[in-house]
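Novice: I'd like to ask you about the structure that follows.
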Amino acid sequence: MVAQIYLKRREWLARNLGQGIAVLPTAPERPRNRDSYFPYRFDSTFYYLTGFEEPEAVLVIVGGNEPQSILFCREKDLDRETWDGLRYGPDAAQMEFGFDAAWPIDLLDQKMAELICQVNSIYTPLGESPEWDSRMMGWINTLRNRSRSGLQAPSMLCDLRQLTDEMRLVKDESEIMLMRKAADISSCAHRRAMSNTWPGRMEFEVGAEIIYEFARQGAQSPAYTSIVAGGKNACILHYIENDARLRAGDLLLIDAGCEYAGYAADITRSFPVNGRFEGAGRAVYEVVLEAQIAAIEAVKPGASFNAPHEAALKILTRGLVDLGLLKGEVDTLIEAGEYRKFYMHRTSHWLGLDVHDVGEYKKGDEWRTLLPNMVLTIEPGLYIRESEDSPSEFWNIGVRIEDDVMVTPGGYDVLTAEAPKSIAEIEALMASHD
Ligand code: GLY
Ligand code: MN
Ligand code: MN
């Protein structure tokens, strides 16, 4: 049943290759030192088209009148399986994952030279790795060297990602189900973090609560390194040291999401270490929350990808003026990019198998149009560093609020709505665990 989803994706791709062939390796294993490896993670597009999680595998899809999909994978090896676990081997992989053929990975060079002489173009992720590019050129040169036997090398190399990135951008029902699960687990992890934060704890202790909840609910790993940033650390956008002590009166910014069955969630919450929003921190939080809600409201089919960003900018800039951090007309300040001093990133990115998922953001010069079943983040923030130009009560406050939002036929669905973000909800949750 599951194989059907992958089969359909491969069939769609085959229909769109013309007389071409697609060749896609999965990710390599990365040694850490001697006999240790970094945890293995398959290539996202390879997985999207196969569901096959083993390393040392290549997918080949032949287009044209007799489309075929072929897997190259490791052979069975009972000795290695004793140490490292099951390998499907070509025969079982073919059956289980619905390929037309499956062959040992050691035959890749020989078989590819045969397969590519029947096609006019090769689709592959060009330029992703020099080793892969040169291996492919090796097959082409093998054919060229045999041209006197009447063999012809394909004349076009195309970037496979043009096709697969667009496929991955609009999610199907099975993907939405997995993304909901990743979002649910990650929302629980943020709730757990809120319930387990108090002055004197270390950032990494709260980070451990997050990882614990991910693992407890069966997520395979975090989708990216968690940011657990107390006080002024929240103004470092990619802060991952997570080794400072949390202080009463500071806010804590946590950006963390799990990966579930390959799919990422990406949530940020900012909340007070002592459980009560007060003073300047509360004022900044209110602005960011209003901007985030307005940005979410801008998500609907037919809207521009940039509409949520524009909605957020209006409210953030007006808020910066109201707080005395910027001076002037809101529209002029936006035009001149003055807000960038306090808001230096964009509001959204695509989300899916990768946390910054594939898919173009523009078509030519135009931001692309949102369609049902696209999933994007909405993540405005304000980061106020020490500066003579800013009132000192705002120094070192960093706030970001990030949700994962699916475009629906009628508007939007916030997948991460279970992670509290209103002041009342957060304060109530933190108070109940004193
Ligand atoms: N966690 C990465 C991001 O928010 O884009
Ligand atoms: Mn994000
Ligand atoms: Mn994030």
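The values are calculated or read from the model by the stated rules, or taken from the named source; none is laboratory data. Worth saying up front: this structure is predicted, and the values here are computed from it rather than measured. Here the Cβ positions follow ideal geometry from the backbone for every residue, glycine too, while neighbour counts run over all protein chains shown. Areas reflect the complete protein model, heavy atoms only, side chains present, ligands, DNA and RNA absent. Shrake-Rupley method; radii C 1.70, N 1.55, O 1.52, S 1.80 Å.
Novice: Can you spot a residue in the stretch 165-173 that is without any contact (Cβ under 8 Å) to a residue 12 or more places away in the chain and either open to solvent by 40 Å² or more (accessible area, probe 1.4 Å) or among the aromatic types (Phe, Trp, Tyr) (or both)?
Specialist: Scanning the stretch 165-173 turns up at least one residue that is without any contact (Cβ under 8 Å) to a residue 12 or more places away in the chain and either open to solvent by 40 Å² or more (accessible area, probe 1.4 Å) or among the aromatic types (Phe, Trp, Tyr) (or both).
Novice: Suppose we filter Ser129, Ser147 for residues that are open to solvent by less than 90 Å² (accessible area, probe 1.4 Å) and either over 26 Å from Thr45 (Cβ atoms) or modelled with pLDDT under 90 (or both); which single one remains?
Specialist: Exactly one residue qualifies, and that residue is Ser147.
Novice: Look through Val288, Val321 and report the one residue that is surrounded by fewer than 21 Cβ atoms within 10 Å (Cβ to Cβ), out of contact with any Phe, Trp or Tyr (no Cβ under 8 Å at 6 or more places or on another chain) and in a helix (DSSP H, G or I).
Specialist: The match here is Val321.
Novice: Could you list, in sequence order, all residues of the stretch 73-85 that are surrounded by fewer than 15 Cβ atoms within 10 Å (Cβ to Cβ) and either small (Gly, Ala, Ser) or within 22 Å of Tyr48 (Cβ to Cβ) (or both)?
Specialist: Hit for the stretch 73-85 is Gly85, nothing else.
Novice: I want to confirm something. Restricting to the stretch 336-370 and keeping residues that are within 13 Å of ligand 1 (Cβ to nearest atom) and among the polar types (S, T, N, Q), which single residue is most open to solvent (accessible area, probe 1.4 Å)?
Specialist: Residue satisfying both the conditions and the ranking: Ser348.
Novice: Here is a list of conditions, (1) open to solvent by 10 Å² or more (accessible area, probe 1.4 Å); (2) within 16 Å of ligand 3 (Cβ to nearest atom), and Lys181 meets all of them except one; can you say which number that is?
Specialist: Answer for Lys181: the failing condition is (2).
Novice: On to the next question. Considering Val288, Val299, Val273, which residue is touching a residue at least 12 places away in the same chain (Cβ under 8 Å) and either touching a Cys at 6+ places or on another chain (Cβ under 9 Å) or within 15 Å of ligand 1 (Cβ to nearest atom) (or both)?
Specialist: Sole residue among the options that is touching a residue at least 12 places away in the same chain (Cβ under 8 Å) and either touching a Cys at 6+ places or on another chain (Cβ under 9 Å) or within 15 Å of ligand 1 (Cβ to nearest atom) (or both): Val288.
Novice: Among Ile5, Ile21, Ile61, Ile70, which is the only one that is open to solvent by 40 Å² or more (accessible area, probe 1.4 Å) and touching a helix residue (DSSP H, G or I) at 6+ places or on another chain (Cβ under 9 Å)?
Specialist: Ile5 is the lone residue from the list that is open to solvent by 40 Å² or more (accessible area, probe 1.4 Å) and touching a helix residue (DSSP H, G or I) at 6+ places or on another chain (Cβ under 9 Å).
Novice: Could you pull out every one of the helices (runs of 4 or more DSSP H) wholly within the stretch 40-142 that has 3 or more residues that are polar (S, T, N, Q)?
Specialist: Answer list for the stretch 40-142: 44-50.
Novice: Answer yes or no as to whether Leu289 is within 17 Å of Lys421 (Cβ to Cβ) and more than 16 Å from ligand 2 (Cβ to nearest atom).
Specialist: It is true that Leu289 is within 17 Å of Lys421 (Cβ to Cβ) and more than 16 Å from ligand 2 (Cβ to nearest atom).
Novice: A follow-up question, please. Only one of (1) within 14 Å of ligand 3 (Cβ to nearest atom); (2) more than 23 Å from the chain's Cα centre (by Cα); (3) of a type outside the set (Val, Ile, Thr) fails for Arg247. Which number is that?
Specialist: Every listed condition holds for Arg247 apart from (1).
Novice: Consider only pairs whose beta carbons are under 6 Å apart and that are at least six residues apart or on different chains; among these, list those whose first residue lies in the stretch 182-200 and is touching a residue at least 60 places away in the same chain (Cβ under 8 Å) and whose second residue is buried (at least 18 other Cβ atoms within 10 Å of the Cβ) and charged (D, E, K, R).
Specialist: Every condition considered, the pairs that remain are Ala183/Asp404; Cys188/Glu213; Ala189/Glu213; His190/Arg269; Ala193/Glu209; Asn196/Glu209.
Novice: Looking for something more than 19 Å from the chain's Cα centre (by Cα), away from ligand 2 (no atom under 11 Å from the Cβ) and open to solvent by 10 Å² or more (accessible area, probe 1.4 Å) - is there at least one such residue anywhere in the stretch 371-386?
Specialist: Yes, the stretch 371-386 contains a residue that is more than 19 Å from the chain's Cα centre (by Cα), away from ligand 2 (no atom under 11 Å from the Cβ) and open to solvent by 10 Å² or more (accessible area, probe 1.4 Å).
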